[in-house]
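A single structure is presented below for examination.
Read-outs: derived from the displayed coordinates by stated rules, not from any lab. Keep in mind the model is a prediction, meaning the values are calculated, not measured. Backbone-built Cβ (ideal geometry, glycine too); neighbour counts: all protein chains shown.
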Amino acid sequence: MERLLIQHIGLLATPEGDSARRGEEQGTVRFLKNAWVLCEDGKIAAVGQGEAPEAARVLDAQGKLVTPGLVDAHTHLIFGGWRQNELGLKLHGVTYLEILARGGGILSTVRATRAATEDELCDKARAALDEMLRLGVTTVEAKSGYGLDLETELRQLRAIRRLNEEHPVDLAATFLGAHAVPEEYKQDREGYIQFLCDKVIPEVAAEGLAEFCDVFCETGVFSAEESRRILEAGKKHGLVPKIHADEIDPIGGSQLTETVGAISAEHLIVCPPEGIAAMARAGTVACCLPATSFYLGSTFAPVREMISASVPVALASDFNPGSCPSLNLQFVMNLGCLKYRMTPEEVLTAVTLNAAAAINRAGRIGSIEEGKQADLVIWDAPDLDYVCYRLGSNLVSRVVKAGKLCF
Ligand code: NIG
Ligand code: FE
């Protein structure tokens with residue numbers, strides 16, 4: 001049996017439970033002073049205060065803050081190239097959807113991704129995962145969606161599967177073939193939707209390459225009705241629905257969560273009150289992405305209204321080469337406080353337990369409790385407020401993943 005004792009924890013902070021926390025519970029966090037955590041065979045065996053049990057291997061937290069490992073529940077991790085050329089366009093006032101309509105944006109990343117081998121995609125994503133782990137992230141959701149043809153979508157998802165096996169960070173795979181209509185189907189969007197539903201989704205499911213199916217429900221991309229059809233096709237093959245909803249225009253994406261029973265809805269920057277009510281009824285996790293609002297120069301999702309309406313809120317990076325070329329979840333935590341007016345406790349729940357719930361893993365990760373996987377961060381910080389207050393530095397001291405010290 002492999003045992004690791006983390007002792008001399010100045011302050012342990014964790015949400016509790018094995019499902020998403022909503023309303024007031026989102027801000028209810030357990031604080032334990034002078035604590036210890038005993039890990040056995042990759043799991044948390046015991047949590048206590050004061051006198052610690054004996055263990056052969058001991059990690060001294062030196063009085064610092066310890067939280068669960070962070071969970072990034074929304075990333076577009078696998079892509080070829082970057083899009084620094086779009087910065088100048090943005091500065092000249094060209095909008096995100098205009099760039100896409102001109103064949104740039106997502107479609108230019110599609111060209112670069114189709115040209116990349118699986119090895120090249122893995123190498124690039126591995127470097128990003130290394131950086132995420134150093135920033136305290138121990139589980140990452142990763143989407144396809146830069147292939148938009150059968151071969152490249154499968155290549156992206158196989159890269160995710162390979163990295164999940166190779167890298168200490170755990171990955172959850174989402175099929176996002178409905179990220180844009182590819183250029184070869186520009187005159188035949190119906191043909192592309194049928195191709196996704198009848199050909200690609202069955203192949204993805206047959207190879208067991210994804211757990212979730214996502215769509216970009218947006219003006220000029222996929223309508224709410226088209227999104228519904230694609231998500232229903234995914235459900236028939238066991239893929240759990242997620243929706244990029246209300247990022248730029250509110251065209252019904254957040255209401256669709258209730259119709260299809262989505263596990264999460266993403267972005268929600270311009271989410272209307274009907275969308276909030278639908279998510280509350282459906283128990284959908286609102287996965288909000290404040291670094292994308294920041295980067296697009298748009299407004300910020302109505303998170304206080306969501307919390308008041310008992311919608312569980314998760315925060316994620318949305319790491320991608322266009323609307324958010326940052327994978328820094330600590331910056332996202334800062335923005336959660338400063339832009340969404342969330343408390344540090346609400347933010348901690350949003351990047352741990354609620355993020356785990358958004359990827360169907362709240363029973364396994366997201367809190368420091370007996371039986372959960374031993375994913376923990378030791379911070380160069382005395383308390384949780386400090387982590388949310390400092391800006392622009394990496395405050396992570398050590399990361400323990402599945403009971404093993406990564407650095
Ligand atoms: O979540 N909105 C759609 N997808 C990504 C952006 C992808 C891109 O610009 O490459 C997002 O913001
Ligand atoms: Fe996204």
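Just to verify a number: FRET efficiency for K404 and S326, C-beta to C-beta distance, R0 = 22 Å, to 0.05?
0.20
For the chain, what relative contact order do you get, as a whole percent, if you take Cα pairs closer than 8 Å and at least 6 residues apart?
22
Would you give the gap between the C-alpha center of the stretch 85-159 and the C-alpha center of the stretch 185-228, rounded to a whole Å?
Distance between centres, Cα-based: 18 Å.
When DSSP beta bridges are limited to those with both residues in the chain, what percentage is antiparallel, rounded to the nearest 5?
Values: 26 of 60 bridges.
Of the beta bridges lying entirely in the chain, close to 45 percent run antiparallel.
What aspartates and glutamates sit close enough to K242 to cross-link, taking a C-alpha to C-alpha distance under 13 Å and skipping anything fewer than 8 places away on the same chain?
E141, E211, D214, E232, E258, E266
Which lysines have a Cα less than 18 Å from the Cα of K124, not counting those fewer than 8 places away in the same chain?
K143
Measure nothing fancy, just the Cα-based angle from helix 118-134's long axis to the longest principal axis of the chain, in degrees from 0 to 90, nearest 10.
Approximately 40 degrees, to the nearest ten.
Give the calculated FRET efficiency between E131 and E51 to the nearest 0.05, with a Förster radius of 25 Å applied to their Cβ-Cβ distance.
Working: r = 38 Å, r/R0 = 1.51.
That gives a FRET efficiency of 0.10.
Mind listing P(r) for the stretch 112-247? All alpha-carbon pairs, 10 Å bins, whole percents.
Over the stretch 112-247, the share of Cα pairs per 10 Å bin runs 13, 43, 33, 11, 0 percent.
Moving to a separate point now. Just to confirm the number: angle between the C-alpha axis of helix 273-282 and the first principal axis of the chain, 0 to 90 degrees, nearest 10?
Taking the Cα atoms of the chain, the angle to 273-282 is about 60 degrees.
Give the lysines whose C-alpha is closer than 18 Å to that of K43, dropping any in the same chain fewer than 8 places away, or say none.
Filter leaves K372, K401, K404.
How much mean residue ellipticity at 222 nm does the chain get from its helices, if each DSSP H run of length 4 or more adds -39500 (n - 2.57) and you divide by all residues, to the nearest 500 deg cm²/dmol?
Using -39500 (n - 2.57) per qualifying helix, the result is -10000 deg cm²/dmol.
OK, next. Kindly identify the stretch 71-358 as rounded, prolate or oblate by the Cα gyration tensor criterion: order the square roots of the eigenvalues as a ≥ b ≥ c, call it rounded if a/c is under 1.5, otherwise compare a/b with b/c, prolate if a/b is larger, else oblate. The partial results should precede the final answer.
Details: a/c = 1.26, a/b = 1.16, b/c = 1.09.
Rounded.
Also: Would the stretch 305-371 count as rounded, prolate or oblate if I go by the C-alpha gyration tensor, calling it rounded below 1.5 in a/c and otherwise prolate when a/b exceeds b/c, oblate otherwise?
Oblate.
Label points 7 Å out from Cα along the Cβ direction at L391 and E274: separation in nm?
Computed distance between label sites L391 and E274 equals 3.7 nm.
Given axes a ≥ b ≥ c from the Cα gyration tensor, I'd like to know whether the stretch 88-163 is rounded (a/c under 1.5), prolate (a/b larger than b/c) or oblate.
Details: a/c = 2.55, a/b = 1.40, b/c = 1.82.
Judged from the Cα gyration tensor, the stretch 88-163 comes out oblate (a/c at least 1.5, b/c at or above a/b).
Highest mean first, how do 327-333, 391-397 rank when packing is the count of other Cβ atoms within 10 Å averaged over residues? If you can, show how the numbers build up before the last one.
Working: 327-333: 22.6, 391-397: 13.3.
Averaged packing, sorted descending, gives the order 327-333, 391-397.
Still on this structure: Quick one: helix 150-166 against the long Cα principal axis of the chain, what's the angle to the nearest 10°, folded into 0 to 90?
Between the helix axis and the principal axis of the chain, the angle is about 10 degrees.
Related question: Among W82, W379, which comes first, then next, by fewest other beta-carbon atoms within 10 Å?
Taking fewest neighbouring Cβ atoms as first place, the list is W82, W379.
While we're here: Give the long-range amide H neighbours of A172: residues separated by 5 or more places, or on another chain, with amide H under 5 Å away, using H modelled in the peptide plane at 1.01 Å from N.
V140, E141, A142
Mind listing the long-range amide H neighbours of R30? Cut-off is under 5 Å, sequence gap 5 or more, other chains count too, H placed in the peptide plane at 1.01 Å from N.
T14, E16
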